[in-house]
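What follows is a short report on a single structure.
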Amino acid sequence: ILSPWAAYHFYGDKEPLERSYDAMRRYAEYLKRRAHDHILSYGLGDWFDIGPGSLGESQLTGKSLTATALYYQDLLALTQISRLLGKQIDSAAFAVEASATRDAFNRLLFHADTQQYDRGSQTANAIPLALGMVPEASRQAVLEHLVKDIRAHNDHVTAGDIGFHYVVRALTDSGRSDVLRDMLLRNDPPSYGYQIARGATTLTEDWNSSPTSSQNHFMLGHAEEWFYRGLAGIDFDMSRPTQEQITIRPAFLSGIGEASARYQSVLGLVESGWRQVADGYKLQLTIPPGAQATLLLPATARQIQESEKPLHAEWIKPSSNSEPSTRLLLGSGVYHLHITVPRNERN
């Protein structure tokens, strides 16, 4: 379900969805049969998470959390896929099942007294944050618990092959790229830096590069997504409305002097590159011909200029209360922006 849907996000091609739809629907029906009161509790869980025991099946997070949350993610995807394919009855049914699954998940696994999920692991709190399952009033508290756990482990990850993806997503989407920066700069175990220190030339299955585990394993590669979508800020999704298909939200971070990324999309080349200057940041963007992009800049920006001239007023759009940022809508072209941000207000 999730692989064809991810492909549609990047290419906007419905053919793989149409070709795979019957198999997706049957798989969702299979999961529903395996569920008890909308809860799934089987599988390997957060494989290779880092707990007190030997690596393998999940130690820090219950299998009901990972299995049920990913079932919910499947249902959300199918709600949108079936609507896109004109199957409105299916879409309504998947939406009902998704809502019931989310409610059951929160009843069983969310602890209102502690404002955490399951046993409070990084994976347990990150997955519902990334999938939008957390009650809105508790979202900030759950995020703070996730960050607190990472800090308590000296900016190290405990999430395994399944959960780490959602840790990256939850922190990126919540504007906490500063935490990811600190995690990725570690060189002691468990970390990417330690894999390199152990001589790894490809990602390993085990954070500590044990020779008994796979030495060429893509499942810990989610930091690369952050380089593009978080640090450089290129968020591309063909399933969104036109002006939201290209969203650029760079993470200006202290300790990082510059960052850049380029993505050859189906709409054309998208580029985002920034560097620190004395009074803030210089940002260069390329938006493909015929396309639009939404640019989100920090609310702390005191002044924004394009090619050292005042910003065109029609570019500036209202920003929601839940998104404290400066929102610009840009047409195709190359932009040279100068963003003034006081030093004491930088991440």
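The values are calculated or read from the model by the stated rules, or taken from the named source; none is laboratory data. Nothing here was measured: the structure is a model prediction, and the numbers come from that model. Here Cβ is always computed from backbone atoms with ideal geometry, including for glycine, and neighbour counts include all displayed protein chains. In case anyone asks, the SASA skips ligands and DNA or RNA and just uses the protein heavy atoms, side chains included. Shrake-Rupley method; radii C 1.70, N 1.55, O 1.52, S 1.80 Å.
Does the range 108-153 hold any residues that are at positive phi and of a type in the set (S, T, N, Q), and which are they? Give the steps one after another, and end with the answer.
Here is the first cut: in the range 108-153, the residues at positive phi are 115, 118, 120, 132.
Hit for the range 108-153 is Q115, nothing else.
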Exercise. Collect the residues in the range 116-145 that are buried (at least 24 other Cβ atoms within 10 Å of the Cβ), not aliphatic (A, V, I, L, M) and not in a loop (DSSP other than H, G, I, E, B), keeping them in residue-number order.
Key: Y117, Q122, T123, N125, P128
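Here's the yes/no breakdown for (1) under 26 Å from V266 (Cα atoms); (2) loosely packed, with under 12 Cβ neighbours inside 10 Å; (3) of a type outside the set (D, E, K, R):
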{"position": "Q284", "(1), (2), (3)": "yes, no, yes"}
{"position": "I287", "(1), (2), (3)": "yes, no, yes"}
{"position": "Q292", "(1), (2), (3)": "yes, no, yes"}
{"position": "I304", "(1), (2), (3)": "no, no, yes"}
{"position": "K309", "(1), (2), (3)": "no, yes, no"}
{"position": "A313", "(1), (2), (3)": "no, yes, yes"}
{"position": "P318", "(1), (2), (3)": "no, yes, yes"}
{"position": "L330", "(1), (2), (3)": "yes, no, yes"}
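Quick check, is E345 surrounded by fewer than 18 Cβ atoms within 10 Å (Cβ to Cβ) and touching a residue at least 24 places away in the same chain (Cβ under 8 Å)? Break it down stepwise before answering.
On the way: surrounded by fewer than 18 Cβ atoms within 10 Å (Cβ to Cβ): yes; touching a residue at least 24 places away in the same chain (Cβ under 8 Å): yes.
Criteria met by E345.
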Self-check item: Counted residues, the range 146-177 - those being assigned to a helix (DSSP H, G or I) and among the charged types (D, E, K, R)
Solution: 5
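Considering only residues of the range 8-66 that are assigned to a helix (DSSP H, G or I) and among the aromatic types (F, W, Y), which is surrounded by the most Cβ atoms within 10 Å (Cβ to Cβ)?
Ranking the qualifying residues of the range 8-66, first place goes to Y8.
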Quiz prompt | Scan of the range 78-107 for residues that are free of Cβ contacts under 8 Å to residues at least 24 places away in the same chain, under 23 Å from the mean Cα position of the chain (by Cα) and open to solvent by less than 20 Å² (accessible area, probe 1.4 Å), ordered by number | solution = T79
Exercise. Keeping to the range 202-250, report how many residues are buried (at least 16 other Cβ atoms within 10 Å of the Cβ) and of a type in the set (V, I, T).
Key: 5
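So, in the range 244-288, how many residues would count as being farther than 19 Å from F10 by Cβ and free of Cβ contacts under 8 Å to residues at least 60 places away in the same chain? It would help to see each step written out before you state the result.
If we filter the range 244-288 for residues that are farther than 19 Å from F10 by Cβ, which is where we start, we get 250-260, 273-285.
Filter once more, keeping what is free of Cβ contacts under 8 Å to residues at least 60 places away in the same chain: 250, 257-260, 273-276, 278, 282-285.
Of the residues in that region, 14 qualify.
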